[in-house]
Amino acid sequence: MGQINQVVVLKKDLTLSKEGLDDIHYEAGTLLKVKMVSNDHIVAQYENNQTLILNFEDQGKLWEYI
């Protein structure tokens, strides 16, 4: 399990969509700083201070620790 302040990298492009808002797109290779680690997910932060939840079940497929 990872630690706070570690860095993860996206292995695939990721687009977040929410009705009424513009899509947020992250490209493969994007680096995110881990802000919180839970039992089944991490909260990661992009350089513009946006945060997102990454599930551990997607580790190795969508993202990985570096």
- Query: What number, in nm² with one decimal, is the all-direction average of the projected area of the convex hull of the alpha-carbon atoms of the chain?
  - Reply: 4.4
- Longest segment of the chain with no trypsin sites (Lys or Arg not before Pro) in a DSSP loop having at most 10 other Cβ atoms within 10 Å? 19-60
- Message: Please list, by residue number, every one of the GluC sites (Glu not before Pro) in segment 24-66 that is coil in DSSP and has at most 15 other beta-carbon atoms within 10 Å.
- Response: 27, 47
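Which percent of the accessible area of the chain is formed by carbon and sulfur heavy atoms (probe 1.4 angstrom)?
45
The values are calculated or read from the model by the stated rules, or taken from the named source; none is laboratory data. Note that this is a predicted model, so its numbers are computed, not measured. Counting neighbours? That spans all protein chains shown, and the Cβs are built from the backbone with ideal geometry, glycine included. Remember, those area values only see protein heavy atoms, side chains included, never the ligands or the DNA or RNA. Shrake-Rupley method; radii C 1.70, N 1.55, O 1.52, S 1.80 Å.
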